[in-house]
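The values are calculated or read from the model by the stated rules, or taken from the named source; none is laboratory data. Everything quoted here is computed from the prediction, not taken from an experiment. Cβ placement follows ideal geometry from the backbone for every residue including glycine, while neighbour counts extend to all protein chains displayed. In case anyone asks, the SASA skips ligands and DNA or RNA and just uses the protein heavy atoms, side chains included. Shrake-Rupley method; radii C 1.70, N 1.55, O 1.52, S 1.80 Å.
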Amino acid sequence: MAVIEHETTIAEAADRLSRELPGHRVEILQGRLTVTPPADGSHALSLSWLIEKFYDAGARKAGLRYVQGIGLWLPTGPDDYAIPDFSLVEADFRDHKVEKNCYAPDVFRLVIEVTSSNWADDIGTKVEGYARADVPVYVIADRHHDEAVLCTDPRNGKYRLRKSYKRGTSIPLPESIGVPLELSVDLLLDGDEP
């Protein structure tokens, strides 16, 4: 009897984990498989608040969509992709599907991550990945360090501008995203008014 061995690829392992761990976020970042458990209440409230802010700012009228948890295909490896917590994308983003429910990076105008147990990826690996994908604006609600970070102007795989914001302040988003908007650091971090 012949035994056929099949070495599982990282993409196959990611697919299997996605099926076996519903509610978990499975990503491949720089060739490394990562799994994040479901978000806590404050994290979820932050994302709900963002939807309200982008709606009020007129994102849909500006030809944009704001979405949670869609895949962004990354140029950092053959199977790399991330699933940002929140994204502002071109209205026709669905026409730019690459594979595995991931979309081409050029339809993303902004991504926001609210840190959780995998905070090191959000403030490290994903910064490089999103910069290499030329995502124009990356906002990190860094609950681990109790601050928010705005990264802009990606060039040669790095964000040239990076600024931290403390509680009690707001982040003025660049006009280039297509809507005028400032984000409260407290609401990004807590998901609700103090």
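Quick check for me: using +1 on Lys/Arg Cβ and -1 on Asp/Glu Cβ, what's the dipole size of the range 72-127 about its Cα centre, in debye to the nearest 20?
For this selection, approximately 60 debye.
Using a Gaussian network model on the chain with a 10 Å cutoff between Cα atoms, which of Gly178, Gly129, Gly23 fluctuates the most?
Maximum among the listed residues: Gly23.
Please give, to one decimal in nm, the separation of the simple spin-label points placed at Gln68 and Trp119, each 7 Å out from Cα toward the Cβ.
Calculated label separation equals 2.1 nm.
Dipole size in debye (nearest 20) for the chain around its Cα centre, Lys and Arg Cβ +1, Asp and Glu Cβ -1?
Magnitude of the dipole: close to 440 debye.
Using a 1.4 Å probe on the protein heavy atoms, what percent of the accessible area of the range 12-73 belongs to carbon and sulfur?
Roughly 50 percent, rounded to a whole number.
Based on the alpha-carbon gyration tensor of the range 39-108 and its eigenvalue square roots a ≥ b ≥ c, which shape applies: rounded if a/c is under 1.5, prolate if not and a/b is larger than b/c, or oblate?
Oblate, because a/c is 1.5 or more while a/b does not exceed b/c.
Classify the chain as rounded, prolate or oblate from the Cα gyration tensor: take a ≥ b ≥ c as the square roots of its eigenvalues, call it rounded if a/c is under 1.5, otherwise prolate when a/b beats b/c and oblate if not.
Because a/c hits 1.5 or more and a/b exceeds b/c, the chain counts as prolate.
Probe of 1.4 angstrom, ligands and nucleic acids ignored: what's the accessible area per residue over the range 40-85, in square angstrom?
Here the per-residue accessible area is 44 Å².
Each label point is 7 Å from the Cα along the Cα-to-Cβ direction; what then is the distance between the points at Asp56 and Lys163, in nm?
Roughly 2.1 nm, to one decimal.
Let me check I've understood the local charge: for Pro105, count other residues with C-beta under 12 angstrom from its C-beta, Lys and Arg +1, Asp and Glu -1. What total comes out?
Counting the neighbours of Pro105, the net charge comes to -2.
Once you have the Cα-Cα distance between Arg16 and Lys100, take 0.36 nm times their residue separation minus that, and quote the gain in nm to one decimal.
Gain on extension, Arg16 to Lys100, equals 29.0 nm.
May I ask you to give the solvent-accessible area per residue for the range 94-188, in square angstrom, as obtained with a 1.4 angstrom probe?
47
With just the Cα atoms defining each centre, how far is the range 24-81 from the range 108-162? Give it in Å.
12
Among the lysines in the chain, how many pairs, 8 or more places apart or on different chains, have alpha carbons under 27 Å apart?
14
Using the charge dipole of the range 55-194 (Lys, Arg: +1 at Cβ; Asp, Glu: -1 at Cβ; taken about the Cα centre), state which of Ser184, Pro172, Asn118 has its Cα farthest towards the positive end.
Value: Pro172.
Compute, for the range 9-91, the length of the dipole vector about the Cα centre, with Cβ point charges of +1 (Lys, Arg) and -1 (Asp, Glu) only. Units Debye, rounded to 20.
That gives a dipole near 220 debye.
Could you tell me which residue out of Val67, Gly31, Ala91 lies farthest along the dipole of the chain toward its positive end? Charges go on the beta carbon: Lys and Arg +1, Asp and Glu -1, centred on the Cα centre.
Comparing the listed Cα positions along the dipole, Ala91 ranks first.
Between the helical axis of 41-56 and the dominant principal axis of the chain, each derived from Cα atoms, what acute angle in degrees is found, rounded to the nearest 10?
Taking the Cα atoms of the chain, the angle to 41-56 is about 60 degrees.
How would you classify the range 139-194 from its alpha-carbon gyration tensor, with a ≥ b ≥ c the square roots of the eigenvalues: rounded for a/c under 1.5, else prolate if a/b is greater than b/c, otherwise oblate?
oblate
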